[in-house]
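Accompanying notes for the structure given below.
The values are calculated or read from the model by the stated rules, or taken from the named source; none is laboratory data. Predicted model only: the values in this text are computed from it and were never measured. Heads up, the Cβs are rebuilt from the backbone with ideal geometry, glycines too, and the neighbour counts pull from every protein chain shown. In case anyone asks, the SASA skips ligands and DNA or RNA and just uses the protein heavy atoms, side chains included. Shrake-Rupley method; radii C 1.70, N 1.55, O 1.52, S 1.80 Å.
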Amino acid sequence: MAEINVALEVFGVVLSLILLGSLLLNGDRSSRSVRMFLWMLFLNLLCLGADAAAWYANGTDCRSLNWGGNLLQYLCAYGLLLLYSIYLLDDLPGQRRWRFCRRGVEGLCLLGIVLTLFSQFSNLFYEITTGNLYVRGEWFWLSHAVGLLVLAVDGWVVFHARAVSGRERVLQLLYVIVPALALVLDLLWEEITVLGLGSTVTLLLVFANVQLQRDRRLKEQDKELAEKRIAIMISQIQPHFLYNILGSIEWLCETNPKKAQEATDELARFLRGNMGSLNSTSTIPARRELEHIRSYLNLEKIRFGEKLKVRYEIENSDFFLPALSLQPLVENAVRHGVTKREEGGTIVVGMRETWHEYVVTIQDDGVGFDPRERKQDGRDHVGIDNVRSRLEAQCGGILRIMSEKGKGTLAEVRIPKGGRSKGEEDSRADLSSRR
């Protein structure tokens with residue numbers, strides 16, 4: 001039986017080393033919970049190694065190895081149980097509520113350590129006989145009863161932690177049930193030790209939770225970085241958009257003050273109704289973006305008159321896209337398309353739905369351009385790249401621009417159907433509340 005027990009402990013050592021190596025190579029050790037878990041792994045390795053050495057020396061001439069192995073195994077087991085309980089209690093919300101429970105756990109583990117040291121003289125838990133054989137003492141059950149009391153306190157706290165979700169509660173109850181079951185089996189089954197294997201399996205569960213928390217933190221950081229990047233993009237679009245409109249009003253102030261007044265009123269109405277969307281870093285309903293386009297084109301028509309014609313071909317606008325994602329495309333169609341022609345031209349704004357995506361088209365019959373030529377006008381053309389990046393980041397959309405000199409330009413946005421972002425769900429809830 002000694003060979004079986006040594007093999008079980010060595011198996012536990014191998015698993016613990018794999019966990020330790022994985023955490024040291026890939027884990028973030030800045031977190032307190034991760035550092036505590038590393039200490040738990042270290043104590044578990046000592047506990048398993050000491051027990052394996054004790055079983056190997058049992059019944060041989062290595063009395064000191066048998067005595068030292070058993071002593072170290074008991075002490076490390078209580079130390080591991082203490083760290084494990086602190087880790088579990090610290091992971092629960094409202095730590096102050098469980099402060100008295102933590103003090104009780106610390107007291108029980110300290111009691112176990114003191115009784116273990118006392119057993120070296122009184123054979124309370126165990127004794128090493130003259131034949132160098134490990135024999136359980138009359139009060140051996142007390143050593144496991146202390147551990148079961150600690151786990152009972154842990155289980156009571158987990159069960160009464162109100163803010164813990166159902167899945168987390170089940171996982172944390174497993175933290176208690178698995179080592180408790182190992183303690184009971186070890187108490188009833190003297191020939192084979194399962195306590196070390198039980199502690200290792202429990203640490204495997206903790207490792208899974210550590211990795212889940214790490215992945216959750218990384219996702220939250222990625223989401224925060226994405227939102228900041230989108231906010232920066234929005235800040236680039238806003239002044240560009242307002243600068244162009246104010247430029248139109250400035251021109252009208254010199255040429256047609258009455259129309260400049262009309263344009264100012266239109267801009268005020270536009271800003272009052274749509275400032276929320278201008279500041280939005282989430283997706284908005286396509287119909288709201290269409291309102292932005294209509295207001296902008298109304299302003300430009302005040303300036304250009306019959307030189308600018310607009311036609312809307314809207315089949316379906318019941319979808320979501322990033323705020324101000326179509327605005328720069330319409331501006332380009334006006335400023336670099338139809339108004340560059342002496343006779344002007346027409347802009348056609350279309351929205352339609354296919355079986356797998358939504359398609360938005362902004363087409364003009366303006367002067368067009370050669371997409372292979374890079375503009376060398378000294379200006380910072382951030383609009384198109386900005387729109388393309390936000391479409392991809394916020395809704396998985398793509399932007400394609402096709403143009404030919406003398407014939408016009410077509411900007412096509414394709415947004416796949418499927419999962420919606422949180423911003424879209426919030427927008428839908430907002431629309432429902434307004435209805």
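Annotations
- Phi to ³J(HN,Hα) by Karplus 6.51 cos²θ - 1.76 cosθ + 1.60 over region 109-118, Hz, x for Gly, Pro: 5, 5, 4, x, 5, 4, 5, 5, 5, 5
- Using the Karplus relation 6.51 cos²θ - 1.76 cosθ + 1.60 with θ = phi - 60°, the per-residue 3J(HN,Hα) values for region 180-196 come to 5, 4, 5, 5, 5, 4, 5, 5, 8, 10, 7, 6, 10, 8, 10, 5, x Hz, with x marking Gly and Pro.
- Segment residue 122-residue 355, length gained on full extension (0.36 nm per residue, minus Cα span): 75.8 nm
- Simple spin-label estimate for residue 246 and residue 111 in nanometres, 7 Å along Cα-Cβ: 7.5
- Given R0 = 60 Å, the distance between the Cβ atoms of residue 404 and residue 14 translates into a calculated FRET efficiency of 0.35.
- Put a dot 7 Å past the Cα of residue 61, heading toward its Cβ, do the same for residue 254, and the two dots end up 10.9 nm apart.
- The packing ranking of peptides 356-367, 383-394, highest mean first, is 356-367, 383-394, where packing means the average number of other beta carbon atoms within 10 angstrom of each residue.
- FRET efficiency estimate (nearest 0.05) - Cβ-Cβ, residue 133 to residue 25, R0 51 angstrom: 0.75
- Which listed pairs, of 307/405; 259/417; 258/309, have C-alpha distances above 31 Å, in listed order: 259/417
- Taking all protein chains as shown and a probe of 1.4 angstrom, residue 129 keeps an accessible surface of around 40 Å².
- Between residue 316 and residue 188, the simple spin-label model (points 7 angstrom out along Cα→Cβ) gives 6.2 nm.
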